[in-house]
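Engineer: One structure, pasted below without further comment.
The values are calculated or read from the model by the stated rules, or taken from the named source; none is laboratory data. Keep in mind it's a predicted model, so treat the numbers as computed, not measured. Heads up, the Cβs are rebuilt from the backbone with ideal geometry, glycines too, and the neighbour counts pull from every protein chain shown.
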Amino acid sequence: MASMEAAGGSPAALPCLHSARIIKQGAEARVYRSRFLGRSTIIKERFPKRYRHPTLDEKLTRRRTAQEVRSILRCRKAGINTPVVFFVDYTTNCIFLEEITNSITVREHVASAQASGQSVESLHSLADRIGQILAKMHDEDVVHGDLTTSNMLLVNEDDGKQGKLVLIDFGLSYISALPEDKGVDMYVLEKAFLSTHPNTEVLFERLLKSYTAASKKAPAVIKKLDEVRLRGRKRSMVG
Ligand code: AMP
């Protein structure tokens, strides 16, 4: 069992976290696996940043925590699968989330499909589902901020079939109606997708097609995505 001291940084503010198992230590937050009211729970703790003025830090950290919760709740209200928020403690900036058990990340799923020599076609329906979910999320004006295939979980059903697709880690999310913000969101995913999964250009195109088909607002977003891509290419040419 890892302790917060072992993982570095300040000790956890909530006593219940001292016996929790750390699963990720980031620059802004620690993520723990624990139990809460008898349920498997993921606890995300944003800790103070010592280089910032304490009052400002407290304000910013609380705002970030609130923003993460707001985005999750907005998605859930729209029928997008995200973990249930069990509890939020704004004194310690801890979010208690339902643990999505019996799941693998989309990253693991795509990697294992590729490693076992499965055809790209076998991943088409997954790309379609991702496109549809992201279209719905953007129609709710939720911008995820860190779209990667590691932040999408696939639940395994008892019969071995693939179940729900769940979006996680809204730590950098915010609310915006601007096509530019949504275009950048898709650009971040495109970059992550193509660098994590080689030779998946066609698959990502399919995801974008499904995104476009699912949202009336998509053409403006795709236009911005094209602009952002062009800016990215110009930047890499200039060096
Ligand atoms: P995060 O910083 O929110 O990305 O969380 C770090 C890691 O914890 C993720 O990459 C997941 O593997 C895992 N994780 C986060 N939230 C959940 C959840 N609700 N259920 C299951 N695993 C999670």
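Engineer: Quick check: is even one residue across segment 149-158 in contact with a Gly (Cβ under 9 Å, 6 or more places away or on another chain), modelled with pLDDT of 95 or more and not aliphatic (A, V, I, L, M)?
Structural biologist: No: segment 149-158 contains no residue that is in contact with a Gly (Cβ under 9 Å, 6 or more places away or on another chain), modelled with pLDDT of 95 or more and not aliphatic (A, V, I, L, M).
Engineer: Something else: Assigned to a loop (DSSP other than H, G, I, E, B), within 16 Å of the chain's Cα centre (by Cα) and at pLDDT 95 or above: is that true of residue 65 in this structure?
Structural biologist: no
Engineer: Do you know which residues across segment 18-48 are away from the ligand (no atom under 16 Å from the Cβ) and within 20 Å of residue 169 (Cα to Cα)?
Structural biologist: 48
Engineer: Here is a further query. Quick one: residue 67 ticks every box in (1) surrounded by fewer than 21 Cβ atoms within 10 Å (Cβ to Cβ); (2) among the polar types (S, T, N, Q); (3) touching a Cys at 6+ places or on another chain (Cβ under 7 Å) except a single one, so which number is it?
Structural biologist: Exception for residue 67: condition (3).
Let's see how each residue does on (1) crowded, with 18+ Cβ neighbours inside 10 Å; (2) under 23 Å from residue 77 (Cβ atoms); (3) more than 15 Å from the ligand (Cβ to nearest atom); (4) modelled with pLDDT of 95 or more:
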position	(1), (2), (3), (4)
120	no, no, yes, no
129	yes, yes, yes, yes
205	no, no, yes, yes
208	yes, no, yes, yes
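Engineer: Return the total of residues in segment 126-169 being part of a loop (DSSP other than H, G, I, E, B) and either within 19 Å of residue 208 (Cα to Cα) or hydrophobic (A, V, I, L, M, F, W, C) (or both).
Structural biologist: Residues flagged as part of a loop (DSSP other than H, G, I, E, B) and either within 19 Å of residue 208 (Cα to Cα) or hydrophobic (A, V, I, L, M, F, W, C) (or both) within segment 126-169 amount to 8.
Engineer: Also, I was wondering about something else. Is there a residue in segment 74-87 that is hydroxyl-bearing (Ser, Thr, Tyr) and away from the ligand (no atom under 13 Å from the Cβ)?
Structural biologist: For segment 74-87, residues hydroxyl-bearing (Ser, Thr, Tyr) and away from the ligand (no atom under 13 Å from the Cβ): absent.
Engineer: Considering segment 142-185 alone, what residues qualify as being touching a helix residue (DSSP H, G or I) at 6+ places or on another chain (Cβ under 7 Å), aliphatic (A, V, I, L, M) and over 19 Å from residue 74 (Cα atoms)?
Structural biologist: Listed by number, the residues that qualify are 154, 184.
Engineer: Additional query: So, of the residues in segment 88-111 that are away from the ligand (no atom under 12 Å from the Cβ) and loosely packed, with under 14 Cβ neighbours inside 10 Å, which turns out to be nearest to residue 124 (Cα to Cα)?
Structural biologist: Result: 90.
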